[in-house]
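Each value in this text was obtained by applying a stated rule to the coordinates, not by laboratory testing. Computed from a prediction, not measured in an experiment: that's the story for all the values here. Heads up, the Cβs are rebuilt from the backbone with ideal geometry, glycines too, and the neighbour counts pull from every protein chain shown.
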Amino acid sequence: MSILVDKDTRLLVQGVTGREGTFHTRQAIEYGTTVVAGVTPGKGGRIHEGVPVFDTVAEARRATGANASTVFVPPAFAADAIMEAADAGVELVVCIAEGVPTLDMVRVMRFLESRPTRLVGPNCPGIISPGRAKVGIMPGHIHREGPVGVVSRSGTLTYEAVGQLTARGIGQSTAVGIGGDPIIGTPFIDAIRLFEADPETEAIVMMGEIGGTAEEDAARFVREHVRKPVVGFICGQTAPPGRRMGHAGAIIAGGAGTAAEKMKAMEDAGIRVVRSPADIGAAVSSVLG
Amino acid sequence: MKIHEYQAKAILARYGVRVPRGEVAHTAAEARASAASIGGRVVVKAQIHAGGRGKGGGVRLAAGPDEAERIADEILGMMLVTHQTGAEGRRVGKVLIEEGLDIRNELYLGIVIDRKAGLPVLMASTEGGMDIEAVAAATPEKILKEPVVPGIGLQDFQARKLAFGLGLGGRVALDAARFMTALYRAFEDTDASLAEINPFLVTGDDAVYALDAKMNFDDNALGRHPDIRELRDLDEEEPLEVEAGRHGLNYIKLDGNVGCMVNGAGLAMATMDIIKLAGGNPANFLDVGGGANAEQVENAFRILLADESVSAVLVNIFGGIMRCDVVATGVVAAARKLGVAVPVVVRLEGTNAAEAQRILRESGLRFVVADGMGDAARKAVAAA
């Protein structure tokens, strides 16, 4: 088992004929993901990277039974692409794009409220269930199958944690990058709830960062509902207040959203919080026993 | 992106938000002329991108043109220090000359995006002119809130609810409600990330005004607002950060001496943290991004070395799509070209890491190769 993506994932790529879309479609196929369709409006009817291209998501879904989509369109058009996929009934939409305007995301979240689609991202590396499916831009080869669920707001920091686990011979059930923006489709709580319910996942790693209160919310959820061991890390412990640290959502505003507050909330919830990002692998080893 | 008070007021006025009559002056002579044309008492307000200007001596009352000229002469060119500028302060390049108003009541209005609700929220408080964050911390019940759904917009009843909630009555309350509706329209139309009126003023003759105005904008939406993008004032920004931005690099200058170059914002923050844990201090945050090439790496090196306090550099790259051998080639080229004199600790992990190590070893340059983040941080701090 794993969460969100697996061998049954039938992937559709929005923006398939673009540079990023082309590259990552090839990578996903090489990894073994079942890529069934691509969508680029105006380029329907072609075959690209061995994948049939459609003009609309609805058409692509009807023809291929796609149940997941990755969005590789430029950020200004990402909201539209997400809503198109949701309107077509695609169950899972993963939006990689960084730089989606915040008010666009506000509108997207309202649009999704009345629909069953789950959005992951934007501004995220995507989702990988090692050995089964890769829906995103992460390097597949650093992962291996195993019992640890990883959820993170950052891309390369997720790779760092996965790299440490794999180096210790510890594999991952699924690694989910939820994204570094202030408004995202899948918060920590949702990913952690799925990992708690997944029989293959034995431990959870959550990597947060400064800004917002999603980590505090997740900590409360962990205290009340999670029995599996959780290891946590928060980056930005040394970040100055009032500055946006790369990610649109990584900002300490009005004294709120500090790493110290988050780490305390997580420790209070029984999460094993490491100070140093180099200690994630060792902490997981020790909670797995 | 931040803009000046006078720019925010010009935008808001277009949406029907009432602002005091005013003009921008770059010289004392212009200040005098503006004061004369406005007439009566005026306020001279320093225009910098920082709050707390009044307490720092950057907002002063003048009885007429003579005094306005004298005060403008003192304020223009001064290094204004506020709680938001840091100790060195910010140089004042222009002042806003505004009509003096008869203040009866100072209130607060602000719109931000509430991350948890995923919606813009309009906040109103009777505690105008105060630091609203302090009010929120000490007496959260004094802040009234109304969430707003973009597209539907702030409804009249919501605005009335806030206006009456502030204790206003009769015609003033209805004027205040219209003011709020206009403020919200400006916020949504311009993709603002913050619109704050503090204080929101009621005058002795029952008129409502934006006495101060602050607007910040969503950087990710500036592409569809070329008019707002033009309002950017580069004099208000750290020159190295501006230069980095031109090359698509995300750089923030900090106080320490260990320069860092990292791919990805989260890993870049984590690298700063681990430098601190190793007993050192990071000189900067620098994210070279996911698709960085040799040229980007060279730009990054040039920018972080332009900070003279940097006495060692830590390169921390986790290669995914970005291949480590490409980064290593860039690091070697940059070190040669720029004649890097400080120790450079390099940690490369992920795609093609072994090949990258070989490139560094065979370069003939003296890189310190590190194994893992912990080792890299210790070596960089020791070398700094």
Selected from A:V151, B:L183, B:L304, residue furthest toward positive end of dipole (the protein assembly as shown; charges at beta carbon): A:V151
Among B:E241, B:E99, B:E141: highest mean-square fluctuation, GNM of chain B, C-alpha pairs under 10 Å: B:E141
Nearest-20 debye value, the stretch B:227-315 charge dipole, Cβ charges on Lys, Arg, Asp, Glu: 460
Charge-dipole axis of the protein assembly as shown as Lys and Arg at +1 and Asp and Glu at -1 on Cβ define it, positive-most pick from A:G236, A:V226, B:G22: A:V226
Pairs of alpha carbons in the protein assembly as shown whose separation is greater than 33 Å (percent): 52
Rounded to the nearest 20 debye, dipole of chain A from Cβ charges on Lys, Arg, Asp, Glu: 240
Residue mean of other protein chain beta carbons inside 10 Å, A:234-242: 6
Neighbour-count order for B:I252, A:I96, fewest beta carbons within 10 angstrom listed first: B:I252, A:I96
The stretch A:185-199 and the stretch B:319-358: distance between their alpha carbon centers, rounded to Å: 37
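Nearest 5 percent is fine: what portion of the DSSP beta bridges confined to the protein assembly as shown is antiparallel?
Details: 57 of 111 bridges.
If I count the DSSP bridges inside the protein assembly as shown, around 50 percent turn out antiparallel.
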Options B:N293, B:I274, B:C324, ranked by Cα towards positive dipole end of the stretch B:229-351, top entry (Cβ charges): B:C324
Mean separation of Cα contacts under 8 Å (6+ apart) over length of the stretch B:179-255, as relative contact order %: 20
Relative contact order of chain A, defined on C-alpha pairs under 8 angstrom at six or more residues apart (%): 14
222 nm mean residue ellipticity, helices alone, for chain B (DSSP H n ≥ 4; -39,500 (n - 2.57); rounded to 500): -11000 deg cm²/dmol
Relative contact order of the stretch B:8-96, defined on C-alpha pairs under 8 angstrom at six or more residues apart (%): 32
Peptide B:112-119 - average C-beta neighbours from other chains (10 Å radius): 6
Net charge of Cβ neighbours under 9 Å - reference A:M245; Lys, Arg +1; Asp, Glu -1: 0
Cut-off under 5 Å, modelled amide H: who pairs with B:D212 long-range: B:N198
Debye, to nearest 20: dipole size of the protein assembly as shown, +1 on Lys, Arg Cβ, -1 on Asp, Glu Cβ: 880
³J(HN,Hα) computed for each position of the stretch A:56-72 - Karplus, 6.51 cos²θ - 1.76 cosθ + 1.60, integer Hz, glycine/proline x: 10, 5, 4, 5, 4, 5, 4, 6, 10, x, 4, 10, 8, 9, 10, 9, 10
Neighbourhood net charge (15 Å Cβ-Cβ; Lys/Arg +1, Asp/Glu -1) for B:A383: +3
Alpha-carbon centroids, the stretch B:55-126 and the stretch A:50-68: separation in whole Å: 55
Sum of side-chain charges, B:Y6 neighbourhood, beta-carbon under 10 Å (Lys, Arg +1; Asp, Glu -1): 0
GNM flexibility winner over chain A from A:L11, A:L157, A:L92 (Cα, springs under 10 Å): A:L157
